Amino acid sequence: MKVVYVLNPTLRLSGSFKSFSVLLRGLMQHGVQPSLVIPKGQDYEDELRKMGIPVLALTYRDHAWPHSGTASQKLLFVPRLIARGIVNAVAGWQLYRHFRGKGIDLVHTNVSVLGVGYTLARRLGVPHVYHVREYGKEDFGIRPFPSKSAFDHRLRQPGAYTICITRDLLRHHHLEDLPSARMIYNGICPRMDAMPSSSAGDYFLFVGPLTHAKGIDQLVEAYVRYATSTQRCLPLKVVGHAADPELFGTLTAKLKAHSLADKVIFLGNRSDVPELMRDAAALIVPSPSEGFGRCTAEAMFSGTLVIGRNTGGTKEQMDNGLEMCGHEIALRYEDTAQLAARMNEVATAQSGSYNEMRLNAFNTVNALYTNEAYVANVLDFYDYILPKAHLVASDKQ
């Protein structure tokens, strides 16, 4: 089975790339022969090439409207829209010339905001899979071009197939009853025999890019509330890239204004996240609209308590645990005031108070989000797709 995978601009440590890497390695063990298409200048390119996989690096953009939030973005909106269309058109023809005649069976786009993979599949006459990992406008402020309804219509076309990483994303795109769409959870870890040992540490932890989409601004607001109203203030360690310098400046200024600059430790990107999780009092997941929440499941695999916002993929993971175990597997919250209260609750709890919750969380993720289940479910979907492909590739005629 020869499959072309189209990847998005992201970091090697991002959730979307880590999930894709797990999938890629597993599929290759089952005979899938991948070819990768990536944007130029990605920090994960060397890692992929070292695996001995054909990699084609091109310039292409999101199949979405340019951002228009600031005055400069509004001024450049039309030129950027035109440029984006030209860049993607050129990339589309480059892709077709590169892959025609190579016996490609399937094109799989790793996120929903790209269009060049779908165009390639249409030109080759092979099925296309969209791996929908995000809401778009709700989590990243990305508006599909020309509209969400047009994108949802694309997902229903003959030869178009969809993987959504949560049930809520299936509902978001109105795909619940469509045979060509499936919900497949990400693979986070290999199946384990027992929960790793962890300590109820003396700090809170956040993991993710420092953006509004990941809720870092709301976390800092809640932390200020918590820290200024408690006798025992645990520090907050923040792991992730400060992608928005203006936002980062606002956060640090707010902390300085409340004399908390020494309590919130910005660590940048780290390679020892599992160790940081195991030693944390709790991982906090404040995303307003999380697609899946990989770090939530990673923490639960590590035996770490999670404080999660009751929305999106984070809510779905917590609901799964409640359904499986009959008990909550994380501490939910609805707003910053309740988050501050949750932090105080954890900081003042007696030793062992959350042992049962952490064990139930581990059992949930160890049943639902294993690498083995992830790869097996995607392979099963491929086996469903290919016999039903009614389009005949022009390069196989």
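Being of a type in the set (Asp, Glu) and either surrounded by fewer than 13 Cβ atoms within 10 Å (Cβ to Cβ) or within 26 Å of residue 313 (Cβ to Cβ) (or both) is a description that applies to residue 62. Which of the residues that make up segment 320-356 are more than 27 Å from residue 217 (Cβ to Cβ) and in a loop (DSSP other than H, G, I, E, B)? The answer is 326, 327, 350, 351, 352, 353. Among the residues in segment 283-291, are any modelled with pLDDT under 95 and closer than 15 Å to residue 369 by Cα? Yes, because at least one residue in segment 283-291 is modelled with pLDDT under 95 and closer than 15 Å to residue 369 by Cα. Restricted to segment 7-115, the set of strands (runs of 3 or more DSSP E) holding at least 1 residues that are small (Gly, Ala, Ser), modelled with pLDDT of 90 or more and farther than 28 Å from residue 181 by Cβ comprises 55-58. Looking across segment 120-145 at every residue that is among the aromatic types (Phe, Trp, Tyr) and more than 25 Å from residue 379 (Cβ to Cβ), the one that is least open to solvent (accessible area, probe 1.4 Å) is identified as 135. Are any residues in segment 215-262 open to solvent by 70 Å² or more (accessible area, probe 1.4 Å) and among the hydroxyl-bearing types (Ser, Thr, Tyr), and if so, which ones? Across segment 215-262, the qualifying residues are 228, 229, 250, 259. The numbered conditions (1) closer than 16 Å to residue 339 by Cβ; (2) within 18 Å of the chain's Cα centre (by Cα); (3) part of a loop (DSSP other than H, G, I, E, B) are all true for residue 234 except (2).
Within segment 378-390, being open to solvent by 30 Å² or more (accessible area, probe 1.4 Å) and either modelled with pLDDT of 50 or more or within 31 Å of the chain's Cα centre (by Cα) (or both) holds for 380, 383, 384, 386, 387, 388, 389.
If you go through segment 244-258 and pick out every residue that is under 13 Å from residue 212 (Cβ atoms) and either modelled with pLDDT of 95 or more or assigned to a helix (DSSP H, G or I) (or both), you end up with 5. Close Cβ contacts (under 6 Å, 6 or more residues apart or on different chains) running from residues in segment 324-338 that are touching a residue at least 40 places away in the same chain (Cβ under 8 Å) to residues that are assigned to a helix (DSSP H, G or I) comprise 324/364; 331/342; 336/218; 336/221; 336/222. Any chance segment 169-189 includes a residue that's farther than 30 Å from residue 126 by Cα and touching a strand residue (DSSP E or B) at 6+ places or on another chain (Cβ under 9 Å)? Checking segment 169-189: at least one residue is farther than 30 Å from residue 126 by Cα and touching a strand residue (DSSP E or B) at 6+ places or on another chain (Cβ under 9 Å).
Taken as a whole, segment 263-278 holds at least one residue that is open to solvent by 40 Å² or more (accessible area, probe 1.4 Å), assigned to a strand (DSSP E or B) and of a type in the set (Val, Ile, Thr). Would you be able to say whether some residue in segment 108-119 is touching a residue at least 40 places away in the same chain (Cβ under 8 Å), open to solvent by 20 Å² or more (accessible area, probe 1.4 Å) and within 27 Å of residue 368 (Cβ to Cβ)? Checking segment 108-119: at least one residue is touching a residue at least 40 places away in the same chain (Cβ under 8 Å), open to solvent by 20 Å² or more (accessible area, probe 1.4 Å) and within 27 Å of residue 368 (Cβ to Cβ). Is at least one residue of segment 201-211 polar (S, T, N, Q), part of a loop (DSSP other than H, G, I, E, B) and farther than 23 Å from residue 338 by Cα? No. Within segment 181-214, restricting attention to residues that are touching a Phe, Trp or Tyr at 6+ places or on another chain (Cβ under 8 Å) and open to solvent by 50 Å² or more (accessible area, probe 1.4 Å), the residue that is modelled with the highest pLDDT is 182. Taking every residue in segment 128-146 that is more than 19 Å from residue 287 (Cβ to Cβ) and pairing it with any residue that is part of a strand (DSSP E or B) and charged (D, E, K, R), at least 6 positions away or on another chain, the pairs with Cβ-Cβ distances below 9 Å are 144/62; 145/62. The set of residues in segment 59-107 being small (Gly, Ala, Ser) and either in contact with a Leu (Cβ under 6 Å, 6 or more places away or on another chain) or without any contact (Cβ under 8 Å) to a residue 60 or more places away in the chain (or both) consists of 68, 71, 72, 83, 85, 89, 91, 92.
The values are calculated or read from the model by the stated rules, or taken from the named source; none is laboratory data. In this text, all values refer to a predicted model and were calculated from it rather than measured experimentally. Cβ sites come from the backbone with ideal geometry, for glycine too, and all protein chains shown count toward neighbours. When the accessible area is computed, the model is the full protein with side chains, heavy atoms only, and any ligands, DNA or RNA have been set aside. Shrake-Rupley method; radii C 1.70, N 1.55, O 1.52, S 1.80 Å.
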